[in-house]
Amino acid sequence: LTTVFTTGSAWETCIALDDSGADIQMGNTPDEGIFRLRFATSGQEVKAPRHWRSTAELPAAPEDKPLQGLRIAIDPGHIGGAWAKMEERWFIVGDGTPVCEGDMTLQVANLLKPRLEALGATVSLVRNKAEPVTTARPDSLRTLAQDSGTPEDSPAALQRLAERVFYRTAEVRARAELVNNTLKPDLVLCLHFNAEAWGDPNQPTLIDRTHLHLLLNGAYNDEEVRLADQRFALLKKLLQRTHEEEVIVGSAVAGRFAEASGLPPYQYSRESLNVRPVTDQPYLWVRNLLANRLYDCPVIFMEPYVMNSTIDYPRIQAGDYEGLREIGGKPQPSIFREYAEALAAGLATHYSLTRVRTNE
């Protein structure tokens, strides 16, 4: 609770611990009731209900199929296509091809899926096209935007707010409903490409650095802990021991990805109040994102490369291709294939070490 899931002390106002259990405030105010969580005596523990299986719970697997029977959902981040500009995940440099994160993550997902299936996994795509999963649209969310906006907001400001509710909230919640109620995976892979502030998308700023990090759920700030729904999600993750699974899978993925890509670890500023590092894991951080909070299973949230980097931008412009091409003065694979292959290799490494049984 104090080393992974919170960044402050506000939890003490709604969770009271003693030797035999915890009194947990059920609503946003104390008068909405208290739930008593009883601590089990040694040997009498009851596992928190969940649909996903941890690494330790999976049966042995053949050497050439280390992911056999593992249920994986691939969530290509953002929407892309005609929605990319609205999402602010789009930019263009001169006469180049537009950089669109939602299209790029879907391209990686389509390369990754057969690689994971060849390793034995059962794989589902949370989306398979550049269209929203949610049936909601910005125009249908204008009333909600008006309720959450301010009286001074102009029609244009309310429209922009409705758009943000659409792609930041309604879309993620629709994906969570699909993941939790239909797909029910053992693991979700949220695919993203990182970026740093680029300013005007028609005249973006390119930077000279690139990096890699993976995000696990945690680091709820004081404001978030005081909200009943987020506090419930926090405790659900804690009691299901989701973090332990995310760390062991994420560390293997990060290791293989860093080896394949040569990317250095990203460093958050010391002033960041909504993130925590994972001890002895320079590529792993915990952060409370809507997706890794709502998905009812371990989530590996990928943030490799920097789209507006002078290092990665030429590789993105080169598109997908087989083999190697000279880019930046050295032979390099397609950035999309490197992404898919490194992620698949990291998962294969982890599950091979834990599931494959030799005759020795």
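The values are calculated or read from the model by the stated rules, or taken from the named source; none is laboratory data. These numbers were taken from a predicted model, which means no experiment stands behind them. Neighbour counts run over all protein chains shown; Cβ positions are idealised from the backbone, glycine included. Note: accessible area is taken over every heavy atom of the protein model, side chains too, but ligands, DNA and RNA are not part of it. Shrake-Rupley method; radii C 1.70, N 1.55, O 1.52, S 1.80 Å.
Values computed for the structure shown
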read-out	value
Residue tally, condition surrounded by 19 or more Cβ atoms within 10 Å (Cβ to Cβ), assigned to a helix (DSSP H, G or I) and of a type in the set (A, V, I, L, M, F, W, C), over the stretch 112-134	2
Any hit, the stretch 292-300, residues being modelled with pLDDT of 95 or more, part of a strand (DSSP E or B) and open to solvent by 10 Å² or more (accessible area, probe 1.4 Å)	no
Residue tally, condition more than 15 Å from F301 (Cβ to Cβ) and touching a Phe, Trp or Tyr at 6+ places or on another chain (Cβ under 7 Å), over the stretch 181-203	3
Residue identified as out of contact with any Leu (no Cβ under 6 Å at 6 or more places or on another chain), farther than 28 Å from D186 by Cα and open to solvent by less than 20 Å² (accessible area, probe 1.4 Å) among R315, R209	R315
Pairs with Cβ under 7 Å, 6+ apart, first in the stretch 179-202 and closer than 20 Å to V133 by Cβ and touching a residue at least 40 places away in the same chain (Cβ under 8 Å), second open to solvent by less than 20 Å² (accessible area, probe 1.4 Å) and among the hydroxyl-bearing types (S, T, Y)	V179/Y295; N180/Y295; V188/Y295; L191/T105; H192/T105; F193/T105; F193/Y305
Residue among I311, I248 that is of a type in the set (A, V, I, L, M), in a loop (DSSP other than H, G, I, E, B) and at pLDDT 95 or above	I311
Enumeration of residues in the stretch 150-177 that are open to solvent by less than 50 Å² (accessible area, probe 1.4 Å) and within 16 Å of R293 (Cβ to Cβ)	A170, E171, V172, A174, R175, A176
Any chance R142 is open to solvent by 20 Å² or more (accessible area, probe 1.4 Å), in a helix (DSSP H, G or I) and in contact (Cβ under 8 Å) with a residue 60 or more places away in the chain	no
